[in-house]
Amino acid sequence: MEFSEFTEIVGQWSAQRPAMPLDCWIDDANARLAVVGDGVRCSIELLDPYDAGDPQR
């Protein structure tokens, strides 16, 4: 998804003042946007490209 498409989707989502959060995938991270009061909470989960259980790590 192009950045301009992403910003358009976020703009439409925020204009609706939705009750449901917006989940997105951005490069190596999962992001969740949620309306909280008069603002937006952004939760970001960074994805580890390596296996944490690998003994060579």
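Below, the figures for the structure above:
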quantity: Which numbered condition Ala31 misses (of (1) at pLDDT 90 or above; (2) surrounded by 10 or more Cβ atoms within 10 Å (Cβ to Cβ)); calculated: (1)
quantity: Selection from the range 6-28 of residues that are assigned to a helix (DSSP H, G or I) and either of a type in the set (Lys, Arg) or modelled with pLDDT under 85 (or both); calculated: Phe6
quantity: Residues of the range 10-25 classified as closer than 22 Å to Leu46 by Cα, touching a residue at least 12 places away in the same chain (Cβ under 8 Å), out of contact with any helix residue (DSSP H, G or I) (no Cβ under 6 Å at 6 or more places or on another chain) and of a type in the set (A, V, I, L, M, F, W, C), total; calculated: 2
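The values are calculated or read from the model by the stated rules, or taken from the named source; none is laboratory data. Note that the structure is predicted; figures quoted are calculated from it, not measured. With ideal geometry, Cβ positions are generated from the backbone for all residues, glycine too; neighbour counts draw on all protein chains shown.
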